[in-house]
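S.K.: Have a look at this one.
The values are calculated or read from the model by the stated rules, or taken from the named source; none is laboratory data. The shown structure was predicted, so the numbers you read here are calculated from the model rather than taken from an experiment. Here the Cβ positions follow ideal geometry from the backbone for every residue, glycine too, while neighbour counts run over all protein chains shown. The protein model used for the area step is the full one, side chains on, heavy atoms only, and it has no ligands, DNA or RNA in it. Shrake-Rupley method; radii C 1.70, N 1.55, O 1.52, S 1.80 Å.
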Amino acid sequence: MTGERDGGPADLVVENARVWTGEPSAPWATAFAVRGGRLLAVGDDAAARGHAGPGTQVRDAGGAFVMPGLVDVHNHHAFAGRSDLFELSLRPGADVGEILDAVAAHAAGLPEDAWVVGGAWGSNRRGEISSESVRLKLDQAAGGRPVLLMEDSRHNRWASTRALELAGVTATSDPGPGGVVELDPVSGAPTGVLLESAGLAVEAARARSNPLGPDEHRRASRRGVEILSSHGITAFQDAAASHEILAALRSLDEAGELDAWVVSSLTVNDPIFGFDAVGDELVWGGEKYRTAHHRPDFVKIFLDGVPPARTGAFLEPYLPDDEHGADVCGATALDPDELYGWLRRTAEHGLSAKVHCSGDASVRLVLDTVERLRGEGFTEPRYQVAHGQFVAPDDLARFAALGVAADISPFLWFPGVISDAIADVLPADRASRMQPNRALLDTGALVAGGSDWPVSESPNAWEGIQGLVTRADPLGRFPGTLWPEQALRLDEAVTAFTLGGATAMGLGDETGSLRAGKSADFVVLDRDPFATDIEDVVHTTVLETWFAGRQVFERDAS
């Protein structure tokens with residue numbers, strides 16, 4: 001039992017609980033004491049009660065299961081909040097008919113010139129919607145209004161005729177680096193499907209027509225954090241922040257309304273979001289947004305795209321097709337000198353980096369660049385390979401050797417829409433060897449769990465945790481398993497979404513486990529997941545979420 005007795009009595013003592021601390025040296029306890037938002041002591045009931053005083057709230061947990069607050073190393077909370085508050089939400093897996101019906105129903109309640117904005121359509125629907133005839137059906141459904149619908153990867157878009165007109169997108173438009181304006185094979189007209197940076201012109205047209213103000217950005221961030229709190233998440237990394245998102249987080253924390261630790265990633269290059277300021281305009285000004293619970297400590301670099309669009313960078317070619325031929329491997333968005341330049345400059349300023357890599361060639365380039373920087377004496381910056389679904393076998397051990405964390409996000413370690421779309425463009429022997437999580441852990445890598453919400457349908461970490469163990473769809477919608485040899489144990493999977501994530505974000509001394517001195521971030525669950533059949537772990541429900549010693553979520557008993 002450890003804890004400080006100086007400084008007055010505890011504000012809160014929780015006893016008679018089954019507490020998984022997440023601390024490898026002392027994983028179990030029955031009680032803990034909290035003072036000033038920090039854990040004063042973690043251990044047995046008697047010792048925790050020893051910190052109680054006349055004003056202490058002493059709570060008998062009645063044997064309830066308590067664990068550290070969950071950590072999400074990769075999400076886009078503000079986009080998710082904006083979608084929840086202001087946009088059309090499509091049913092996951094919706095077919096083309098359902099999408100058109102949803103657009104029609106949503107558009108019916110809008111002014112004639114209003115935009116229909118929302119998503120997400122499945123990446124496996126791209127072939128069905130990429131034609132002029134379907135674009136015309138989209139126009140009809142929207143009553144001629146401009147429409148902009150995001151794909152599930154959030155890298156690609158589907159736009160209506162009016163949206164293309166407002167953006168000035170034609171069959172001969174410059175799509176930008178790595179972008180593609182898909183054309184109808186018969187008419188040669190744009191289909192409305194815009195890959196990667198080709199969608200930025202439409203995003204800019206939408207922003208000009210209906211820009212979000214500071215209050216809307218603040219509401220979006222707050223709503224995103226509220227949803228995360230309902231899933232027990234008390235710390236997260238926003239994977240691509242803008243000035244507006246950073247300002248919203250600062251405002252919330254200064255008002256005492258930021259209910260989670262947030263580490264922001266300042267966007268270096270932006271092939272998909274359409275931020276007004278990125279790179280030098282954003283990165284070097286991030287420090288002014290720092291607050292007690294918000295740390296703008298990372299930059300975000302998009303090094304490639306996504307495999308279904310053949311924009312992920314691989315060491316070996318995609319499957320051949322009529323459009324691309326037989327030797328396309330995809331290309332990195334930055335060349336080796338550009339990547340080194342950014343990582344060197346940011347390291348000199350004490351900034352860490354999260355680098356989006358969906359193909360094994362981009363992963364290798366990150367590892368090569370970090371190896372060069374480590375050799376030059378840059379030992380402090382943290383580096384994360386974001387996604388890293390595909391890693392060459394020779395590169396697995398390099399993660400641990402170079403201190404590079406594996407940000408495994410979104411939940412692509414079991415069959416689903418995106419894994420099916422990847423199987424359409426890669427040879428079967430490669431598509432089936434995705435997310436080598438077991439191999440990364442076994443070679444000593446720090447593995448951190450992330451949702452990539454709203455790319456994933458939900459930030460519910462228990463979906464990801466069960467899938468890490470079973471390599472099967474925890475919701476039972478897709479049959480089979482995906483590379484089951486890469487399964488983790490349950491304790492390893494839970495650690496990936498607690499201390500693993502916190503450590504990767506630079507918050508390992510603040511949160512991610514229950515230990516005296518750390519922030520009092522914890523959740524109360526409806527069950528002990530370690531005593532639950534693995535097929536039922538996904539049904540684990542958060543009853544209460546506490547951040548910095550205060551309750552920020554309580555589930556309605558009804």
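S.K.: How large is the accessible surface per residue of the chain, computed with a 1.4 Å probe and reported in Å² as a whole number?
M.R.: 37 Å²
S.K.: Of the accessible area of the range 151-250, with the probe set at 1.4 angstrom, what percent is carbon plus sulfur?
M.R.: 54 percent
S.K.: At 10 °C and 1.306 mPa s, grab the translational diffusion coefficient of the range 146-217 from Stokes-Einstein with a Kirkwood Rh over Cα pairs, rounded to a whole number in µm² per second.
M.R.: Once the numbers are plugged in, D ends up at 128 µm²/s.
S.K.: P(r) for the range 113-173: what percent of alpha-carbon pairs falls in each 5 Å bin, starting at zero?
M.R.: It works out to 4, 18, 28, 29, 18, 3, 0, in whole percents.
S.K.: Additional query: Once you have a ≥ b ≥ c as the square roots of the Cα gyration tensor eigenvalues for the range 189-305, tell me rounded if a/c is under 1.5, and otherwise prolate or oblate according to whether a/b is larger than b/c. It would help to have the intermediate numbers written out before the result.
M.R.: Working: a/c = 1.85, a/b = 1.60, b/c = 1.16.
Judged from the Cα gyration tensor, the range 189-305 comes out prolate (a/c at least 1.5, a/b above b/c).
S.K.: Where in the range 83-126 does the label zone of residue 173 land, with the point 7 angstrom along Cα→C-beta and an amide N cut-off under 17 Å?
M.R.: The answer is 115-118, whose backbone nitrogens lie closer than 17 Å to the label point.
S.K.: With unit charges on the beta carbons (Lys and Arg positive, Asp and Glu negative) and the dipole taken about the Cα centre of the chain, which residue among 194, 487, 180 sits farthest to the positive side?
M.R.: 487
S.K.: Based on the inverse mean of 1/r over its pairs of different Cα atoms, what is the Kirkwood hydrodynamic radius of the chain, in Å?
M.R.: Evaluated on the chain, it is 24.2 Å.
S.K.: I need the shape label for the range 430-558. Rule: rounded when a/c is under 1.5, else prolate if a/b > b/c, else oblate, with a, b, c from the alpha carbon gyration tensor.
M.R.: Taking the square roots of the gyration eigenvalues as a ≥ b ≥ c, the range 430-558 is oblate.
S.K.: Separate question: Checking the cross-link filter: which lysines have an alpha carbon closer than 29 Å to that of residue 300, excluding same-chain neighbours under 8 positions apart?
M.R.: Output for residue 300: 288, 354, 518.
S.K.: If you don't mind, another one. Placing +1 at every Lys and Arg Cβ and -1 at every Asp and Glu Cβ, with all other atoms neutral, what dipole size does the chain have around its Cα centre, in debye to the nearest 20?
M.R.: My answer is approximately 1000 debye.
S.K.: To the nearest 20 debye, what is the magnitude of the charge dipole of the range 1-100 about its Cα centre, counting +1 on the Cβ of each Lys and Arg and -1 on the Cβ of each Asp and Glu?
M.R.: Using Cβ point charges on Lys, Arg, Asp and Glu, the range 1-100 gives about 240 debye.
S.K.: Follow-up question, since we're still on this one. Full-extension gain between residue 292 and residue 315, please, as 0.36 nm times their residue separation minus the C-alpha to C-alpha distance. Walk me through the numbers before you get to the answer.
M.R.: On the way: separation 23, 0.36 × 23 = 8.28 nm, distance 4.27 nm.
Answer, rounded to one decimal: 4.0 nm.
S.K.: Measure off, as a whole percent, the carbon and sulfur share of the 1.4 Å-probe accessible area of the range 292-331, all protein chains present.
M.R.: Ligands and nucleic acids excluded, carbon and sulfur reach 51 percent.
S.K.: Please find the FRET efficiency linking residue 208 to residue 94, where r is the Cβ-Cβ separation and R0 is fixed at 30 Å, and quote it to the nearest 0.05.
M.R.: Taking R0 as 30 Å, the efficiency between residue 208 and residue 94 is 0.55.
S.K.: Okay, moving on. Quick one: Debye curve from the C-alpha atoms of the range 491-530, no solvent, what's log10 I(q)/I(0) at q = 0.14, 0.23 Å⁻¹?
M.R.: -0.32, -0.79
S.K.: Using the beta-carbon distance between residue 28 and residue 380 and R0 = 30 Å, what value does 1/(1 + (r/R0)^6) give for FRET efficiency, to the nearest 0.05?
M.R.: Details: r = 34 Å, r/R0 = 1.12.
After rounding, the FRET efficiency stands at 0.35.
S.K.: Leaving out ligands, DNA and RNA, what percent of the accessible area of the range 414-490 is carbon and sulfur, probe 1.4 Å? Write out the running numbers ahead of the final one.
M.R.: Values: 1440 of 2660 Å².
Answer for the range 414-490 is 54 percent, counting heavy atoms of protein chains only.
S.K.: Picking from 551, 146, 159, whose Cα lies most toward the positive end of the charge dipole for the chain (charges on Cβ: Lys, Arg +1; Asp, Glu -1)?
M.R.: Farthest towards the positive pole: 551.
S.K.: To the nearest 0.05, how large is the calculated FRET efficiency for residue 475 and residue 442 if R₀ is 30 Å and r is the Cβ-Cβ distance?
M.R.: On the way: r = 28 Å, r/R0 = 0.93.
E(calc), rounded to 0.05, equals 0.60.
S.K.: Measuring from centroid to centroid over Cα atoms, what is the spacing of the range 67-105 and the range 160-217 in Å?
M.R.: About 20 Å separates the Cα centre of the range 67-105 from the one of the range 160-217.
S.K.: Divide by every residue of the chain the summed helix terms, -39500 (n - 2.57) for each DSSP H run of at least 4, and state the resulting mean residue ellipticity at 222 nm, rounded to the nearest 500 deg cm²/dmol.
M.R.: Only helices count here, giving -8500 deg cm²/dmol.
S.K.: On full extension of the chain, what length is gained from residue 255 through residue 280, given 0.36 nm per residue of separation minus the C-alpha to C-alpha distance?
M.R.: 6.1 nm
S.K.: Now for a different question. Dipole magnitude of the range 436-558 about its Cα centre, charges +1 at Lys/Arg Cβ and -1 at Asp/Glu Cβ only, in debye to the nearest 20?
M.R.: I would put it at about 220 debye.
S.K.: Using the charge dipole of the chain (Lys, Arg: +1 at Cβ; Asp, Glu: -1 at Cβ; taken about the Cα centre), state which of 399, 375, 10 has its Cα farthest towards the positive end.
M.R.: Ranked along the dipole, the leading option is 10.
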